[in-house]
Amino acid sequence: SHTSAKDLETRGNFPKEKLEVIGLGLRPPLPSSPEDVATLRRSLLAGGSKLVVTIARLDHQKGIDILIDCVARLKESSPHVRFVLVGHGPEEKELKEVALKAGVLGHLAFAGTTDRPHDYLRAADLFLLTSRWECLPYTIPEAFQVGCPAVATACAGVVELIDDSVGRVVPVGDVDAICTAITTILADDAARKRMSGAALERSREKRFDPEWTHSLIETAYAEVLAAGQGTPA
């Protein structure tokens, strides 16, 4: 991300002329049958009517404990909202215990790992990422690929991906702001539909095109080799 590059320059004292920002090349999502997505959605809703999906490692960086705090808050004010957490990680056991103690397991499901993340994103009304820090997370543009709006914390490259046309950016760790963003978007179907269309359009930008990003990587390597600063593999 450009934000991370700026951090390298200003905080890491890395020479600006040696920095180049290259975007995320995303593969097209695997197709899903509408019937399979509808079945998955029904199973994840478990009696609710709105579905929020998070895809993340279960570790400190991703702020899953913050997510649990949000679920605990919203299960009282918005009991129709269900949350699903897709992924695994070193804090999985600990986080499940935290969720159990918070009494949120009726509203938050730990789905484990999947090789079809876009099925969950297609089933969702909203994607949520509560990270403490990031560089440029793949999961946000992956959500955009299937027209899923996103709420995420304002760390590094997240602010280069999300604006109000496709979701909301909120302060890191601010449970009140995260909950407000979630409920505001879920309460307005028309606005969410507009965000969905804008998210899909954003996913088609050149910065997410694998051919374009791969060409930048090849050019960067060629320049390094030409300058005698590296050797071919």
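The values are calculated or read from the model by the stated rules, or taken from the named source; none is laboratory data. If you're wondering where the values come from, they're calculated on a predicted model, not measured in any experiment. Positions of Cβ are backbone-derived with ideal geometry, glycine not excepted, and every protein chain shown enters the neighbour counts. Note: areas computed on protein heavy atoms with side chains; ligands, DNA, RNA excluded. Shrake-Rupley method; radii C 1.70, N 1.55, O 1.52, S 1.80 Å.
Residue count for segment 127-140, restricted to those that are farther than 22 Å from residue 84 by Cβ and open to solvent by less than 10 Å² (accessible area, probe 1.4 Å): 0. Could you go through segment 141-159 and let me know if any residue there is open to solvent by 20 Å² or more (accessible area, probe 1.4 Å), over 23 Å from residue 73 (Cα atoms) and free of Cβ contacts under 8 Å to residues at least 60 places away in the same chain. So far as segment 141-159 goes, no, none of its residues is open to solvent by 20 Å² or more (accessible area, probe 1.4 Å), over 23 Å from residue 73 (Cα atoms) and free of Cβ contacts under 8 Å to residues at least 60 places away in the same chain.
Against the condition of a type outside the set (Val, Ile, Thr) and either touching a residue at least 40 places away in the same chain (Cβ under 8 Å) or open to solvent by less than 10 Å² (accessible area, probe 1.4 Å) (or both), how does residue 168 come out, does it pass? Considered against the rule, which asks whether it is of a type outside the set (Val, Ile, Thr) and either touching a residue at least 40 places away in the same chain (Cβ under 8 Å) or open to solvent by less than 10 Å² (accessible area, probe 1.4 Å) (or both), residue 168 comes out as no.
Looking for whichever is among the small types (Gly, Ala, Ser), surrounded by fewer than 22 Cβ atoms within 10 Å (Cβ to Cβ), free of Cβ contacts under 8 Å to residues at least 60 places away in the same chain and in contact with a strand residue (DSSP E or B) (Cβ under 9 Å, 6 or more places away or on another chain) here; the options are 112, 173. Which one fits? Spell out how you get there, then give the answer.
Details: 173 fails: free of Cβ contacts under 8 Å to residues at least 60 places away in the same chain.
Residue meeting the stated conditions: 112.
Inside segment 32-48, residues that are more than 21 Å from the chain's Cα centre (by Cα) and closer than 22 Å to residue 130 by Cβ make up a count of 2. Residues of segment 178-197 that are surrounded by fewer than 18 Cβ atoms within 10 Å (Cβ to Cβ) and among the aliphatic types (A, V, I, L, M): 187, 190, 191. Cβ-Cβ distance below 6 Å, separation of 6 or more or different chains: which pairs start in segment 120-136 with a residue that is touching a residue at least 60 places away in the same chain (Cβ under 8 Å) and farther than 28 Å from residue 48 by Cα and end on one that is of a type in the set (D, E, K, R) and surrounded by 24 or more Cβ atoms within 10 Å (Cβ to Cβ)? Sorted first by the residue in segment 120-136, then by its partner, the list stays empty.
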